[in-house]
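The values are calculated or read from the model by the stated rules, or taken from the named source; none is laboratory data. Computed from a predicted structure; not experimentally measured. Here the Cβ positions follow ideal geometry from the backbone for every residue, glycine too, while neighbour counts run over all protein chains shown. We work out accessible area using only protein heavy atoms, side chains counted, and drop any ligands, DNA or RNA first. Shrake-Rupley method; radii C 1.70, N 1.55, O 1.52, S 1.80 Å.
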Amino acid sequence: MVSDEPLFIHAWWRSGSTYVWSKLREDESCRCYFEPLNPSVADLKLTSVERLPDIDDTKNLRHPTLKTHYFAEYAELLRSGNLGYSADLAYDRYLLRPDQSDEQLRDYVNGLILSASEVKRRAVLCFCRSQMRSAWMKETFG
């Protein structure tokens, strides 16, 4: 039985979070979203996420060798036009207190969680831009 509770990973840059994310990604019961608040998500194209990652990029970043693109899990949402990401999500409202409202961010993150749930997988969201919003996410998503 797959847990329907999403797993949120909040990490600093260069802290080993890509390694943790890549290990969880190997678990077929999970759908692991790489850096959902990365500003490059705004520019994702279906053709780019369906290709293999550039091996030189992963070596230069000292990331684990990947079998699929970092953002491959976003493909279905891109295909359907339902990603719901906006570039201002990366840094605007970077600080959110638990009692504040942010419907745009709530809807975007909820869309990722629902997309994983629809294919009977647990959503794993690995963030590097969420530290000042992590309490808000805990309050909003449990």
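Of PHE34, PHE8, the residue with the largest accessible area leads and the full order is PHE8, PHE34 (1.4 Å probe).
Of all the stretches in the chain, which is the longest one without any exposed loop site, taking trypsin sites (Lys or Arg not before Pro) in a DSSP loop (any state but H, G, I, E, B) with at most 12 other Cβ atoms within 10 Å? So the longest stretch without any such site is 68-119.
Only lysine pairs 8 or more places apart, or on different chains, with alpha-carbon atoms under 26 angstrom apart are counted in the chain, and they number 11. Accessible surface computed residue by residue for the chain, with neighbouring protein chains in place and a 1.4 Å probe, gives 58 Å² per residue.
Remark: relative contact order (the chain) = 44 percent; criterion is Cα-Cα distance under 8 angstrom and separation of 6 or more residues.
For ARG122, list long-range residues whose amide hydrogen, built 1.01 Å from N in the peptide plane, is under 5 Å from its own amide hydrogen. It is CYS30, ARG31, by chain and number. Each residue of region 22-28 was assigned a 3J(HN,Hα) from its phi angle through the Karplus curve 6.51 cos²θ - 1.76 cosθ + 1.60 (θ = phi - 60°); the sequence is 5, 6, 5, 4, 6, 7, 5 Hz, with glycine and proline shown as x. Karplus-based coupling profile of region 36-46, in residue order and whole Hz: x, 9, 5, x, 5, 4, 5, 9, 4, 10, 4, with θ = phi - 60° in 6.51 cos²θ - 1.76 cosθ + 1.60 and x standing for Gly or Pro. The stretch between GLU118 and ARG97 holds 4.6 nm of extra length on full extension. This uses 0.36 nm per residue minus the Cα-Cα distance. Volume per residue of the convex hull around the Cα atoms, evaluated for the chain, comes out as 102 Å³.
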